[in-house]
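Enquirer: My questions will all concern the structure given below.
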Amino acid sequence: MRYLSVFFAVFLFTTSCTTTETVQEHTRSAEPEVFTPDRPIPYPIDVPMAFEMAVNSGTRSADGKPGENYWQNYASYDLHAEIDPETHTLYGSSIVTYQNNSPNRLNVIVVELAQNLHKEGTPKKEITEITGGKELTKIAVNGSELEETTPMARWTQNSSGYILEGTQLYIFPEAALESGGSMEFEFEWSFKIPQEGASGRMGRSRDNLYFIAYWYPHIAVYDDVYGWFYEPFLGNAEFYHGFADYELTVTMPQEWLVMGTGEFLNPEETLAERTLERYQQAGESDNMVMIADFDELDNATLSTDDGKLTWRFSSEKVRDVAFSATLESKWEGARTPVGDLTGDGQTDYTRINTYYRDTAPLWEEQTEYAQHSVTFLSDYLATPYPWPHMTSVEGAEIIGGGMEFPMMTIMGDYNTAGATALYGVTAHEIAHMWYPMIVSTNERRYTWIDEGHTTFHTNKANIDFFGDDQFDQFDLFGGYLQIAGTDLEGEMMRWSDFHYPGPAYGVASYPKPASVLYALQGVVGEEVFREAHLEVIERWAYKHPYPWDIFNTFEDVSGKDLSWFWRAWYYETWVLNQSVANVYEDGDETVIVIEDIGNVPMPVILRITLEDGSVINETIEVDHWLKGFRTKELRIETVSEVLKVEIDPEELFPHTDFTNNVWE
């Protein structure tokens, strides 16, 4: 076994209170007895060399804080989009200024073209509509247009140009981008908008709705650990984006209502007088305001000579921008408190926008759902929602569940799933405004960070909205335990696009990491957990943490070595299965035998109920199991008979078998 060499070195002559010691007469020829563990013991977690090098260089630290030398590259985008509804074609252009804050010279710039997922021949993880992908008509660097080149020409002639490979565009400028310097890029492109684009994350529906995302050339992340992130988008695992400032304009026929990421800059230039008045009223109202009802949509916007309107939005320090254009969707609005965002001691608010069609009646409560989600999560995560609006768009036929973008989310109508599920998906997508929109993680490799934290936060929001009689941690445990310990399960730390086909990716990304956060809360205590949980956000807001930054922060705040926890839960597919194996009388003592059947070592929290009604609480610390034992005997003397023994009576941990946790 891979563990034995460690065991032999560490556990010679190991005994415990439950092991009978044998006294031997030691002679010069006697061989020491070697203890062979009964179980696998978590060995140290694997930390990539690239991460260790970042710690050594001072960009990160061993205690989980960003290092004193931490840096991020930054960009500013001037984006324009126009949609032709007759052909469902988007025409786009952009000017991008990219700042190299790294200590390195960049000879290549990597750009992501997610829409090329829809190009024939591009690698994909699932069946995808073929629309031709993105047609690039202009690529320029510092005012000079580039031509397509080949890898051979690049390496033999050191020629400038670009290479297009699937969803990745590699730009080789004539001169490298020096450390501390900036470079300007220009792009022009077009593409036919798919119905369920980017695997249902954007698209069009019924000729009356567009939700546009992953639509522009997006400069990839260059970070302090791995450098350029250039892994392709395959349609499954999501994205890793850097922070940037955006100026966005969207041109549409005048009858379309548009909303996008950022501050809506020109309502006076786009909205009809009645619509504008209600829009302004909604921004000051705690109750839902009808901004444009179904029978008012024909006159909701201004008229122009050319029949088009251009809508303008501005945002700072966001990962991405998306926008919606609706023709037959009702528009409702309100505001909701987010806490003291500006530090002046006053309550701040954000706008809530809701767009839905008449085929989505459950959405009549959507504004309230969004209000509660934003306000609750701002408070629970001690980080006020930082942006001017949060907009929900009903997008049946584009998506069945939901998808998040800064300040924007698209969700299905939920007609068959019901109102409770609609609140849940709303809370989930809005919770993503913290992970990964503020704490910007690499979703393509470590989906469990953003989806797991968000699923955990969704559960907290559900409990707050519906009550703990309807929701608790078992709503998460059940999703994980359905495949726990089977061949269908994959390790959470497995890179997301490399999970086995089937439920492995989903379980390792959503319910298992959320369940494990509950388990971690049970190990370190609710107060310490919350302190560490919030400290991760505080330290890594608007930065790019890796898993080991999160692990190190929890150890730093808790003061505990939790390497056994990370190994057992995150790197393995071991399970937790603790059992009350036996209870019997031995003279004046009651003997309680606890057996740890699974391979995940965890504390055993015991509640012992006596005939006289009194209760004894005991804990078997995890250290006992880390010594390699499978069983533990507890001996107690009581004047009253033991009636009941319970493991984990508060059900803090996701046991694969709860039936053996109780003896009566």
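Enquirer: Given the Cα-Cα distance of residue 38 and residue 245 and 0.36 nm per residue of separation, how much length would full extension add, in nm?
Expert: Length difference between fully extended and current span is 68.9 nm.
Enquirer: Along each principal axis of its Cα atoms, how long is the chain end to end? Whole angstroms, biggest number first, please.
Expert: If we take the Cα atoms of the chain, the spans are 102, 65, 49 Å.
Enquirer: Oh, and also: Using 0.36 nm times the number of residues separating residue 636 and residue 619, minus their current alpha carbon distance, what extension gain do you get?
Expert: Length difference between fully extended and current span is 4.8 nm.
Enquirer: Under the rule of -39500 (n - 2.57) per DSSP H run of 4 or more residues, summed and divided by the residues of the chain, what mean residue ellipticity at 222 nm is obtained, to the nearest 500 deg cm²/dmol?
Expert: Details: 15 runs with 149 residues, N = 664.
Using -39500 (n - 2.57) per qualifying helix, the result is -6500 deg cm²/dmol.
Enquirer: Would you list 109, 463 from fewest to most Cβ contacts within 10 Å? Numbers along the way, then the final one.
Expert: Details: 109 23, 463 17.
Listed from fewest to most nearby Cβ atoms, that is 463, 109.
Enquirer: Using a Förster distance of 60 Å, how high is the FRET efficiency between residue 527 and residue 138, based on the Cβ-Cβ distance and rounded to 0.05? Could the numbers behind the result be given before it?
Expert: Values: r = 56 Å, r/R0 = 0.94.
Here the calculated transfer efficiency is 0.60.
Enquirer: By the scheme Lys and Arg +1, Asp and Glu -1, what is the net charge of all other residues having a beta-carbon under 10 Å from that of residue 168?
Expert: -3
Enquirer: A further question on this structure: Work the Kirkwood hydrodynamic radius out for the range 450-571: mean of 1/r over every pair of different alpha-carbon atoms, inverted, in Å.
Expert: 15.2
Enquirer: If you don't mind, another one. Identify all aspartates and glutamates with a Cα-Cα distance to residue 65 below 12 Å; exclude those on the same chain that are fewer than 8 residues away in sequence.
Expert: 535, 538, 549, 555, 556
Enquirer: Suppose we keep just the alpha-carbon trace of the range 516-573; what are its Rg and Dmax in angstrom?
Expert: For the range 516-573, the Cα radius of gyration and maximum Cα-Cα distance read 11.1, 32 Å.
Enquirer: Oh, and also: Give me the extension gain from residue 273 to residue 148: residue separation times 0.36 nm, minus the current Cα-Cα distance, reported in nm with one decimal. Display every interim value, and only then the final one.
Expert: Working: separation 125, 0.36 × 125 = 45.00 nm, distance 4.94 nm.
Stretched out fully, the residue 273 to residue 148 stretch lengthens by 40.1 nm.
Enquirer: For the Cα atoms of the chain, what angle does the longest principal axis make with the long axis of helix 273-282, in degrees from 0 to 90, nearest 10?
Expert: 20
Enquirer: A further question follows. Which angle from 0 to 90°, rounded to the nearest 10, does the C-alpha axis of helix 547-558 make with the longest principal axis of the chain?
Expert: Orientation of helix 547-558: about 50 degrees from the principal axis.
Enquirer: Given an 8 Å cut-off on Cα distances and at least 6 residues of separation, report the relative contact order of the chain as a percent.
Expert: It rounds to 12 percent for the chain.
Enquirer: Rg to Rh ratio, the range 444-494, alpha-carbon atoms and Kirkwood radius?
Expert: Ratio value, two decimals: 1.05.
Enquirer: Ordered by packing density, taken as the mean number of other Cβ atoms within 10 Å over each peptide's residues, highest first, how do 52-65, 136-149 rank?
Expert: Descending mean neighbour count gives 52-65, 136-149.
Enquirer: Kindly list the residues of the range 582-622 that lie in the label zone of residue 657, defined by a backbone N under 15 Å from the point 7 Å along the Cα-to-C-beta vector.
Expert: Residues passing the 15 Å test: 582, 594-600.
Enquirer: Taking Cα pairs under 8 Å and at least six residues apart, what relative contact order does the range 578-663 come out at, in percent? Could you put the intermediate results ahead of the total?
Expert: On the way: 159 pairs, mean separation 32.1, N = 86.
This gives 37 percent for the range 578-663.
Enquirer: Separate question: Cβ under 14 Å from residue 242's Cβ, residue 242 left aside: what net charge do those residues give with Lys, Arg +1 and Asp, Glu -1?
Expert: Local net charge: -3.
Enquirer: Taking neighbour Cβ counts within 10 Å as the exposure measure, how do 530, 274 sort from fewest upward?
Expert: Neighbour counts put them in this order, fewest first: 274, 530.
Enquirer: With 19 Å as the limit, write out which pairs from 512/560; 119/192; 317/543 have Cα-Cα distances beyond it, or answer none.
Expert: Among 512/560; 119/192; 317/543, the Cα-Cα distance tops 19 Å for 512/560.
Enquirer: Counting Lys +1, Arg +1, Asp -1, Glu -1, what net charge surrounds residue 205 among other residues with beta carbon under 11 Å of its beta carbon? Walk me through the numbers on the way to the answer.
Expert: Values: positive: 204, 206, 357; negative: 196, 207, 328, 394, 397, 413.
The answer is -3.
Enquirer: Regarding the range 71-242, what whole-number volume in Å³ per residue does the convex hull of its Cα atoms give?
Expert: Enclosed volume per residue, from the Cα hull, is 117 Å³.
Enquirer: Grab the alpha carbons of the range 283-437, take their convex hull, and tell me the volume per residue in Å³.
Expert: Measuring per residue, one finds 127 Å³ for the Cα hull of the range 283-437.
Enquirer: What do you get for the angle between helix 526-540 and the principal long axis of the chain? Use alpha-carbon atoms, 0 to 90 degrees, nearest ten.
Expert: Rounded to the nearest ten degrees, it is 40.
Enquirer: Given a Förster distance of 35 Å, report the FRET efficiency between residue 105 and residue 84 from their Cβ-Cβ distance, rounded to the nearest 0.05. Don't jump to the answer; show the numbers that get you there.
Expert: Working: r = 42 Å, r/R0 = 1.19.
FRET efficiency, residue 105 to residue 84: 0.25.
Enquirer: Moving to a separate point now. In the range 615-657, what trypsin sites (Lys or Arg not before Pro) fall in a loop by DSSP, with at most 10 other Cβ atoms inside 10 Å?
Expert: Those that pass, being in a loop and sparsely packed, number zero.
Enquirer: Moving on to the next point. Which ³J(HN,Hα) values, rounded to whole Hz and listed in residue order, are derived for the range 194-206 from phi using the Karplus coefficients 6.51, -1.76 and 1.60 in 6.51 cos²θ - 1.76 cosθ + 1.60 with θ = phi - 60°, glycine and proline given as x?
Expert: Each residue of the range 194-206 in turn: x, 6, 10, x, 6, 6, x, 8, 7, x, 9, 8, 6 Hz.
Enquirer: Straight distance only, please: which aspartates and glutamates reach the Cα of residue 124 with their own Cα at less than 16 Å, same-chain residues fewer than 8 apart left out?
Expert: Within the straight-line cut-off, residue 124 pairs with 112, 165, 196, 231, 238, 497.
Enquirer: Only counting other Cβ atoms within 10 Å, I'd like 451, 535 sorted with the fewest neighbours first.
Expert: 535, 451
Bear in mind that the values in this text are calculations on the coordinates, not laboratory data. Note that this is a predicted model, so its numbers are computed, not measured. Backbone-built Cβ (ideal geometry, glycine too); neighbour counts: all protein chains shown.
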